[in-house]
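Below: the structure, in structure tokens.
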Amino acid sequence: MGRRVIPIEPTTEEVALHEIRRTIHARAVHGRFAKWRWMLVFATQIVFYGLPWLTVNGRQAVLFDLGAREFDLFGAVFGPQDTIYLAALLIVAALSLFLFTAIAGRLWCGYACPQTVYTEIFLWIERKIEGDRLARVRLDAAPMSLDKLVVKALKHTAWLSVALWTSYTFVGYFTPIRDLGVRAITLQLGPWAASWLLFYALATYGNAGWLREQVCKSMCPYARFQNVMFDRDTLVIAYDAARGEPRGGRAKAVDARANGLGDCVDCGICVQVCPTGIDIRKGLQYECIGCAACIDGCNQVMDSMGYRRGLIRYTTENALAAGDGATAICKRVPRPRTALYGAALLTIIAIAITSLAMRNPL
């Protein structure tokens with residue numbers, strides 16, 4: 001029996017091993033998912049900024065006082081011998097992330113991750129000071145002038161103010177926040193508090209103001225190992241190529257089907273609103289953080305053209321291939337992978353709660 005020879009055609013495509021970063025000017029977008037994202041921004045920041053100021057029985061409600069070796073958590077006091085509960089908390093957080101990712105993909109990244117939240121806040125400040133996408137592109141391309149210097153200085157001052165307040169709140173979880181404020185005003189901060197205040201402020205300013213999508217694409221390990229937790233029934237953002245292709249521009253009055261066109265008008269809005277600068281029409285990519293900005297942008301275009309929404313939508317690979325809706329997606333949530341994660345998570349939670357209930361403080 002003879003061998004089958006498969007010819008290999010030469011290609012002239014060049015693949016760069018290292019790409020110089022291009023600035024992404026994400027376009028503002030409005031819609032249902034943008035509202036949900038901002039609701040999560042407000043909810044997480046109310047908790048983060050407000051929690052250190054709560055008191056229980058005259059003590060700070062949440063305080064990890066490393067100097068005194070005491071950890072206050074809503075009236076309960078833990079010592080160094082209770083480190084096992086910290087380990088249990090970290091295990092619960094990890095298993096929760098695994099379970100949530102297997103079911104709903106990167107919704108954590110798109111809505112509640114601190115990098116996403118602070119990037120959203122910094123982008124809002126940038127839009128208020130410099131304008132929307134086209135205005136920012138023109139400003140960056142313009143030569144340096146007094147007006148440009150003033151606008152840039154105002155933006156970075158606002159960014160640094162948010163970063164400093166965030167840093168102050170973060171350090172307030174590890175040293176009494178009211179005492180920290182008094183020492184900061186009177187310039188009596190010790191080297192530990194001062195160094196962490198400066199470090200966390202610069203980290204917030206750098207990550208949310210400068211690095212932005214590079215943190216998600218190149219620095220965050222979750223973007224790399226998430227594929228291990230994904231399967232064909234994991235909820236992802238997907239472009240419906242069967243409905244959208246062949247894409248092409250057209251007037252609203254044009255009959256797309258009669259002209260052999262799909263619903264995608266090739267406007268590029270989905271790319272312009274993406275905070276990581278990807279084209280979701282090329283398929284699922286590890287850079288996608290699941291923020292759904294492309295869904296809101298595409299739905300706006302579909303509304304203006306009089307087409308049905310959902311050309312880009314939350315779905316699963318199996319549902320997209322079969323044309324299934326939300327009901328079929330929900331039926332596939334219970335499966336071996338999610339059952340294993342869920343069982344492990346509930347077991348650890350039960351053990352931790354039982355141990356806490358039987359705990360005898362030293």
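The values are calculated or read from the model by the stated rules, or taken from the named source; none is laboratory data. Just so you know, these numbers come straight off a predicted model, no measurement behind them. Methodologically, a virtual Cβ is constructed for each residue, glycine included, from the backbone with ideal geometry; neighbour enumeration extends over all protein chains shown. Heads up: the accessible areas ignore ligands, DNA and RNA and are worked out on the full protein's heavy atoms, side chains in. Shrake-Rupley method; radii C 1.70, N 1.55, O 1.52, S 1.80 Å.
Simple spin-label estimate for residue 38 and residue 65 gives 4.1 nm between the two label positions (7 Å along the Cα-to-Cβ direction from each Cα).
Between the range 310-331 and the range 148-224, what is the C-alpha centre distance in whole Å? The range 310-331 and the range 148-224 have Cα centres spaced 41 Å from each other.
Counting helices only, and only those DSSP H runs with n ≥ 4, report the 222 nm mean residue ellipticity of the chain as the sum of -39,500 (n - 2.57) divided by its residues, in deg cm²/dmol to the nearest 500.
On the way: 15 runs with 181 residues, N = 362.
Counting only the DSSP helices, I get -15500 deg cm²/dmol.
Can you give me the angle between helix 83-104 and the longest principal axis of the chain, using Cα atoms only, in degrees from 0 to 90, rounded to the nearest 10? Once rounded, the angle reads 20 degrees.
By the Cα gyration tensor, the chain has an equivalent ellipsoid whose semi-axes, rounded to whole angstrom, run 42, 31, 20 from largest to smallest.
Kindly flag which residue pairs out of 148/217; 128/152; 155/282 have an alpha-carbon separation exceeding 23 Å in this structure. It would help to have the intermediate numbers written out before the result.
On the way: 148/217 30 Å; 128/152 12 Å; 155/282 34 Å.
Beyond 23 Å between Cα atoms: 148/217; 155/282.
If you roll a 1.4 Å probe over the chain with all protein chains in place, what percent of the accessible area is carbon or sulfur?
Values: 14120 of 21300 Å².
It is 66 percent, rounded to a whole number.
Suppose R0 equals 51 Å; then what is the FRET efficiency for residue 304 and residue 202 from their Cβ-Cβ distance, rounded to the nearest 0.05? Here the calculated transfer efficiency is 0.75. Under a Cβ-Cβ cut-off of 14 Å, what is the net charge of the residues other than residue 312 that fall near it, where Lys and Arg count +1 and Asp and Glu count -1? Its environment carries a net charge of +1.
In this structure the range 32-225 gives 55 Å² per residue of accessible area when probed at 1.4 Å with all protein chains present.
Which net charge results for the neighbourhood of residue 248, defined as the other residues with beta-carbon distances under 15 angstrom from its beta-carbon, given Lys and Arg at +1 and Asp and Glu at -1?
Working: positive: 243, 247, 250, 252, 257, 281; negative: 245, 255, 263, 266.
Summing Lys/Arg as +1 and Asp/Glu as -1 gives +2.
Each label point was placed 7 Å from the Cα along the Cα-to-Cβ direction; for residue 344 and residue 253 their separation is 6.1 nm.
Between the amide H of residue 56 and those of 61, distances stay under 5 Å, these residues lying 5 or more places away or on another chain, with hydrogens modeled in the peptide plane. The chymotrypsin sites (Phe, Trp or Tyr not before Pro) of the range 48-85 that DSSP puts in a loop, and whose beta carbon has at most 11 other beta carbons within 10 Å, are 74. Based on protein heavy atoms only, the range 235-315 ends up with 41 Å² per residue of surface accessible to a 1.4 Å probe. Across the range 259-265, coupling constants 3J(HN,Hα) worked out from phi with the 6.51/-1.76/1.60 Karplus curve, θ = phi - 60°, read 9, x, 10, x, 7, 6, 8 Hz, and Gly and Pro carry x. Sites listed here are trypsin sites (Lys or Arg not before Pro) in the range 182-256 whose DSSP assignment is loop and whose Cβ has at most 12 other Cβ atoms within 10 Å: 232, 252. Taking amide hydrogens as placed 1.01 Å from N in the peptide plane, the amide H of residue 266 sits under 5 Å from those of 248, each at least 5 positions away in sequence or on another chain. Annotation: amide H of residue 70 within the under-5 Å range of 65, sequence separation 5 or more or interchain, hydrogens built in the peptide plane. In this rough spin-label picture, where each label sits 7 Å from Cα along the Cβ direction, the residue 354-residue 147 distance is 7.0 nm.
Basic side chains Lys and Arg get +1 at the Cβ, acidic Asp and Glu get -1 at the Cβ, and with that the dipole of the range 287-350 about its Cα centre reaches some 280 debye. Taking the longest Cα principal axis of the chain as reference, the axis of helix 293-305 is set at about 40 degrees. Phi-derived couplings, Karplus 6.51 cos²θ - 1.76 cosθ + 1.60 at θ = phi - 60°, listed residue by residue for the range 201-217: 5, 5, 5, 5, 4, x, 5, 7, x, 10, 6, 6, 5, 5, 5, 6, 7 Hz, with x used for Gly and Pro.
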